[in-house]
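The values are calculated or read from the model by the stated rules, or taken from the named source; none is laboratory data. What you are looking at is a predicted structure, and each value in this text was computed from that prediction instead of being measured. We place every Cβ from the backbone using ideal geometry, glycine too, and count neighbours over all the protein chains shown.
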Amino acid sequence: MSDILKDIIIKKITDRGKITFAEFMDMALYYPGLGYYQKENPFGVTGSFYTSVNASETFGFSIARSNLNIIRQFDLQPNLCEMGAGSGLLANDILNYYRDNEPEFYDIVKYTIIEKSEYLINNQKEVLKNHVGKVEWVSFDEFSNFEGVFFSNELVDAFPVHRIINISGDLKEIYVIYKDDKFQFYPDLFSTDQISDYLNRLKIKLVDKQIADINLDATKWIRTLGEKIKKGIVVTIDYGWPAEKLYAPFRMDGTVTCYFKHKQNNDFFERIGDQDITAFVDFSGLMEYGKDVGLEVVNFLPQTLYLVQSGILDYIANAKTDLQRAAIKSLIIPEGGFGTNFNVLIQSKNLNVPDSFIHKKSPTETFVQLAKAYEKLNIESI
Ligand SMILES: C[S@@+](CC[C@H](N)C(=O)[O-])C[C@H]1O[C@@H](n2cnc3c(N)ncnc32)[C@H](O)[C@@H]1O
């Protein structure tokens, strides 16, 4: 554990009496030089977790195809913006796809990355060294007036969340205090009215002793993003559910959890700065607050279907080894792997999206396509 970071957090708590869980999570993940995302590479074999990006390059190839399709269908400027680019591998897979398969588009595409971690920006520059001149890094503040496709994978789950609990009918926020030489949870009044606004707007009701994680940063993010987009499509890929499923009474403990060396744990106060902390995304929040800034919901669908619609089945058919095929399958089988809990929200701004749009295809049609592909390839049925 980073004792320096632990001491900084203890000092903040001592000065203030208590801090919100969101403040704790923000420091643990993003404190300059010490937070989890600000040092060492958190991804892949040597890190704490894998994302779909690590599973197979075909994830990036499929997103590349989808994004190009969108640019062409809506006659948008050839701009792509990825926020929270992590290792930079997704950007690399996408740009490799264009270079090798769509050279004319590769020549004109402008790829922008918005990344919070200085450490990761440097990593991304190294990973993307074959695409020099194609990529530019800007801060979210600088980013504006965008036309094109804006997308992210596992960005919103890495935003800090407020935790609340229903104690015998009283809703309280769960703070972090430091007492008896240890971090402890402490319920008190909400730190901001925005939490009540969120609960009211999304009609979230908690049963007694139920804990819920409220991602206020996600609402701020989508509102700001909507204002920065002039015309285009926003694709948000992440694990999570609409509010009615996320805050259902069977989920009593919320969804915040930690990952350390590929093992999940709920020891929030251990290994501070050395382990990931993350929570499921409430996609209803993104849909609702997005509407305030002209972001219209085009579709909300499982990652499996989004990838099938984007052409991932072509790669299963052409996989050279069983290992490659298994990696692609892990992205799309509905049970297990990245097919479970992962969903995609597609929103549009200032566009007329026809029913023929590829990501508006009916789920049944896409599932039939998936089932046929499995049958044809004689892989186990879904
Ligand atoms: C869980 S990782 C996902 C990385 C990558 N997209 C992937 O799928 O492998 C979250 C990423 O979002 C970045 N991030 C988190 N909050 C951010 C913010 N407010 N602005 C920009 N990047 C952010 C993190 O630094 C990290 O790169």
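Go through the residues of region 42-56 one by one and say whether even a single one is free of Cβ contacts under 8 Å to residues at least 12 places away in the same chain, more than 30 Å from Phe190 (Cβ to Cβ), assigned to a loop (DSSP other than H, G, I, E, B) and among the hydrophobic types (A, V, I, L, M, F, W, C). Yes; the residues of region 42-56 include at least one that is free of Cβ contacts under 8 Å to residues at least 12 places away in the same chain, more than 30 Å from Phe190 (Cβ to Cβ), assigned to a loop (DSSP other than H, G, I, E, B) and among the hydrophobic types (A, V, I, L, M, F, W, C). One residue alone among Asn101, Asn54, Asn79, Asn69 is among the polar types (S, T, N, Q) and within 16 Å of the ligand (Cβ to nearest atom), and that residue is Asn54.
Within the set Phe61, Phe74, the sole residue that is in contact with a strand residue (DSSP E or B) (Cβ under 9 Å, 6 or more places away or on another chain) and more than 14 Å from the ligand (Cβ to nearest atom) turns out to be Phe74. When Leu34, Leu68, Leu76 are screened for being aliphatic (A, V, I, L, M), closer than 30 Å to Ile333 by Cα and outside any strand (DSSP E or B), only Leu68 passes. List every residue pair whose Cβ atoms lie under 6 Å apart, where the two residues are 6 or more positions apart in sequence or sit on different chains, the first residue falls within region 4-21 and is under 14 Å from Glu173 (Cβ atoms), and the second residue, located anywhere, is among the small types (Gly, Ala, Ser). From region 4-21, the pairs are Thr20/Ser191. Among the residues of region 133-178, those that are away from the ligand (no atom under 16 Å from the Cβ) and among the hydroxyl-bearing types (Ser, Thr, Tyr) comprise Ser168, Tyr175, Tyr178. Among residues of region 217-246 that are touching a residue at least 60 places away in the same chain (Cβ under 8 Å) and within 15 Å of the ligand (Cβ to nearest atom), those with a Cβ under 7 angstrom from a residue that is β-branched (Val, Ile, Thr) and in a helix (DSSP H, G or I), sequence gap 6+ or separate chain, pair up as Ala218/Val156; Thr236/Val156; Asp238/Val156. The helices (runs of 4 or more DSSP H) located wholly in region 239-355 that include 3 or more residues which are modelled with pLDDT under 95 occupy 303-310, 313-318, 322-332. Among the residues of region 342-373, the ones that are surrounded by 15 or more Cβ atoms within 10 Å (Cβ to Cβ) and within 21 Å of Val235 (Cα to Cα) come to 16 in all.
On inspection, Glu115 qualifies as within 16 Å of the ligand (Cβ to nearest atom), modelled with pLDDT of 95 or more and not aromatic (Phe, Trp, Tyr). Screening region 262-298 for residues that are aliphatic (A, V, I, L, M) and within 16 Å of the ligand (Cβ to nearest atom) and picking the one that is surrounded by the most Cβ atoms within 10 Å (Cβ to Cβ) gives Val281. Just for region 1-41: of the residues that are buried (at least 19 other Cβ atoms within 10 Å of the Cβ) and hydroxyl-bearing (Ser, Thr, Tyr), which one is farthest from Pro187 (Cα to Cα)? Restricting to residues being buried (at least 19 other Cβ atoms within 10 Å of the Cβ) and hydroxyl-bearing (Ser, Thr, Tyr), the top hit is Tyr37. Within region 121-155, being among the acidic types (Asp, Glu) and assigned to a strand (DSSP E or B) holds for Glu136, Glu147. Comparison of Thr20, Thr46 shows that the only residue that is modelled with pLDDT of 95 or more, away from the ligand (no atom under 12 Å from the Cβ) and of a type outside the set (D, E, K, R) is Thr20. Residue-level check: of (1) within 22 Å of Trp137 (Cα to Cα); (2) modelled with pLDDT of 95 or more, Gln38 misses just (2).
For region 79-113, filtered to residues that are out of contact with any Asp or Glu (no Cβ under 6 Å at 6 or more places or on another chain) and assigned to a loop (DSSP other than H, G, I, E, B), the residue that is surrounded by the fewest Cβ atoms within 10 Å (Cβ to Cβ) is Glu102. Taken over region 193-216, the residue count meeting the criterion of being part of a helix (DSSP H, G or I) and farther than 16 Å from Thr255 by Cα is 9.
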